[in-house]
Amino acid sequence: MRYAARADQVARTHQALAEVNRLRLLELLRARAEGLDAAGAAAEIGLHVATARSHLETLVGAGLAGRAREERLVRGRPRVIYRAAGDDASTDGGGYRFLAELLASIIEAGVTNPAGKAEAAGVAWGRELVERARPLTRLPRAEAVRRVQEMLDELGFVPEVVVDRHGERILLHRCPFRDVAVDHQKVVCSAHLGLIKGALDQLGASADTATLRPLVMPTLCIADLQRRPS
């Protein structure tokens, strides 16, 4: 097994991520670098404080979050602040990678046309992740591509837009799920292509000709948006 985490750590992480409210709490912590206490986290997602605290402690036990007492300059009991663990302990650690590979293998084995289904799911998410252009307005193509670039940047792809004599493309310098994509390319890469197509379509830009060239280099994928004939 190529994961750095020990088998028991992977099991704890997978168990922690198998509960939807713990997934929601982890994503909330990852969006709040300053951290949250149990009461604040409970209010954000509509849980009882005791339930939220229990879920947060499970995340801590799995190494996905940490806790520290708040420094206070006034009297009163300091709050316990929870923060998401760093990338090395969460997204790039055993848990997320294990879960991603597990889900990709289920899709490959359990559905017909897994690439098509993955792309369709990506299209649906891509439409949700960008803001639709205002009614009766049409975004310039360059602005639509810029917004797609912003979406991909937020997702961790480190994208770079290139327009030259070969056409219009986005260089993806980092795939957040590269290790999973190596073994499950038709699912992972099709989903990523769908994200791009869905976002372009939502912004009113043509997406029919978009294609994705996965792993043309160990750290580079290329999304061709419009290729010019040679």
**Asked** If Lys and Arg each add +1 and Asp and Glu each add -1, what is the summed charge of the other residues whose beta carbon sits under 13 Å from the beta carbon of residue 224?
**Response** +2
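Going by average Cβ density within 10 Å per residue, which order do the peptides 49-62, 19-32 take, highest to lowest?
The peptides rank, most packed first, as 49-62, 19-32.
What percentage of the solvent-accessible surface of the range 98-225, computed with a 1.4 Å probe over protein heavy atoms, is contributed by carbon and sulfur atoms? Could you put the intermediate results ahead of the total?
Numbers: 3930 of 6910 Å².
Accessible surface attributable to carbon and sulfur in the range 98-225 totals 57 percent.
Per residue and in Å³, how big is the convex hull formed by the alpha-carbon atoms of the range 132-180?
Details: hull volume 4.6 nm³, N = 49.
Each residue corresponds to 93 Å³ of Cα convex hull volume.
Between rounded, prolate and oblate, where does the range 163-230 land on the alpha carbon gyration tensor, with a ≥ b ≥ c its root eigenvalues, rounded for a/c under 1.5, else prolate if a/b exceeds b/c? If you can, show how the numbers build up before the last one.
Numbers: a/c = 2.27, a/b = 1.38, b/c = 1.65.
Oblate is the answer for the range 163-230, as a/c is 1.5 or above yet b/c matches or exceeds a/b.
The values are calculated or read from the model by the stated rules, or taken from the named source; none is laboratory data. Since this is a predicted model, take the numbers as computed values, not measurements. Here Cβ is always computed from backbone atoms with ideal geometry, including for glycine, and neighbour counts include all displayed protein chains. Please note that ligands, DNA and RNA were not included when accessible areas were found on the heavy atoms of the full protein model with its side chains. Shrake-Rupley method; radii C 1.70, N 1.55, O 1.52, S 1.80 Å.
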